[in-house]
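Below is one structure; the comments refer to it alone.
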Amino acid sequence: MNGVNQTVVNLVPDSTGDIKLLQITDTHLFADCEKDLLGIKTVASYDAIIEHAAKYAGQCAAVLCTGDLSQDHSAQSYVDFSERIKTLSMPCYWLPGNHDMQEIMLPSLLAEGLAQAKQIVSEHWQIILLDSQVSGVPYGHLSDSQLSFLQQKLQQYPDKHTLIAVHHHVLPVGAAWLDQHILKNNDQFIALISQFDNVNAVLSGHVHQSFDQVKNNVRYITSPSTCVQFKPQSDDFAVDDKPPGYRYLVLKKSGKIDTQVERLNPGKFTTDENATGY
């Protein structure tokens, strides 16, 4: 299921020429709403995130969902994801994570009206969505077809600022157990985008934490999960006590990106202190 679908979507900027977006990632939903991941009921925390993010309804052009939408691969989990995201009343564009089963994900989301866009084009920006999933393993890899698609789209609009969205993180975040599950051909990816001066940022999920670093004039950003958070700078598996969150982004017509992490109030969703695996 790693073939490239070259569906193109157009987004209209606001009156200032900017594009406002939400990133919601790593929801890890179950068909059973009472089921938890490391002590957090993922459907309940996702509901709370959607309610919190509703304040941006009417302001944002779209929401980007960067993978690991389901934990149990069930069609119902993707239906539940869709029904809730649609209450934000903005287009939702998504890509798969390592936990997603695309044979179920794709038809389930399409049936709910969530199109599989691969390129989003606006007056000043383009967003390219990539599939880094390797079936059956937690790490990521971009296939030759994905890299070729990326190169073609960067060449297509050399004068547009570019945001690349991919599930797996590209730069190490400093947590050894997570960084072994990085985008494995990150050097190849970085070498490709370094040939172009229109790549502004790379946006990822996967690591369940906020990370923001610039390398070779490209900004690499990761974001919190809507459920469990992983402890930064930890060599071994460890959960964090930060609450679930999501990200708000403004793609300025100048090429600058203003962004902030939004989180729920502490205390309502806490991980199991005895959690030992993921």
The residue from L142, L147 that alone is among the aliphatic types (A, V, I, L, M), in a helix (DSSP H, G or I), at pLDDT 95 or above and under 26 Å from Q180 (Cβ atoms) is L147
Of V207, V202, the only residue that is under 16 Å from V173 (Cβ atoms), at pLDDT 95 or above, among the β-branched types (V, I, T) and in a strand (DSSP E or B) is V202
Of the residues in region 4-53 that are of a type in the set (S, T, N, Q) and under 16 Å from K242 (Cα atoms), the one that is nearest to the chain's Cα centre (by Cα) is T25
Checking Y78, Y46, Y93 in turn, the sole residue that is touching a residue at least 12 places away in the same chain (Cβ under 8 Å), within 27 Å of L264 (Cα to Cα), assigned to a strand (DSSP E or B) and not aliphatic (A, V, I, L, M) turns out to be Y93
Residues of region 96-116 being without any contact (Cβ under 8 Å) to a residue 60 or more places away in the chain, in a loop (DSSP other than H, G, I, E, B) and open to solvent by less than 40 Å² (accessible area, probe 1.4 Å), in sequence order, are D100, L114
>> Residue under question is K55, and the condition is that it be farther than 18 Å from S223 by Cα and out of contact with any Phe, Trp or Tyr (no Cβ under 7 Å at 6 or more places or on another chain); does it hold?
In response: yes
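Filter region 1-32 down to the residues that are within 18 Å of H99 (Cβ to Cβ) and at pLDDT below 95, then identify the one that is least open to solvent (accessible area, probe 1.4 Å).
Of everything passing the filter in region 1-32, N2 is least open to solvent (accessible area, probe 1.4 Å).
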- Query: Does region 149-171 contain any residue that is closer than 22 Å to N98 by Cβ, open to solvent by 30 Å² or more (accessible area, probe 1.4 Å) and out of contact with any His (no Cβ under 6 Å at 6 or more places or on another chain)?
  - Reply: no
Result of the Cβ filter at 7 Å on region 56-67, keeping first residues that are surrounded by fewer than 18 Cβ atoms within 10 Å (Cβ to Cβ) and partners that are at pLDDT 95 or above and among the basic types (K, R), at least 6 apart or interchain, is Q59/K20
Those residues of region 83-95 which are crowded, with 18+ Cβ neighbours inside 10 Å and of a type in the set (D, E, K, R) amount to R84
Would you be able to say whether some residue in region 268-277 is closer than 22 Å to I120 by Cα and either modelled with pLDDT of 95 or more or open to solvent by 40 Å² or more (accessible area, probe 1.4 Å) (or both)?
-> no
Per the filter on region 166-192, residues part of a loop (DSSP other than H, G, I, E, B) and free of Cβ contacts under 8 Å to residues at least 12 places away in the same chain are P172
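The values are calculated or read from the model by the stated rules, or taken from the named source; none is laboratory data. Just so we're clear, the structure is a prediction, and the values are computed from it rather than from any experiment. Using ideal geometry, Cβ is built from the backbone for each residue, glycine included, and neighbour counts are taken over all protein chains shown. Side chains included, ligands, DNA and RNA excluded: accessible areas come from the protein's heavy atoms. Shrake-Rupley method; radii C 1.70, N 1.55, O 1.52, S 1.80 Å.
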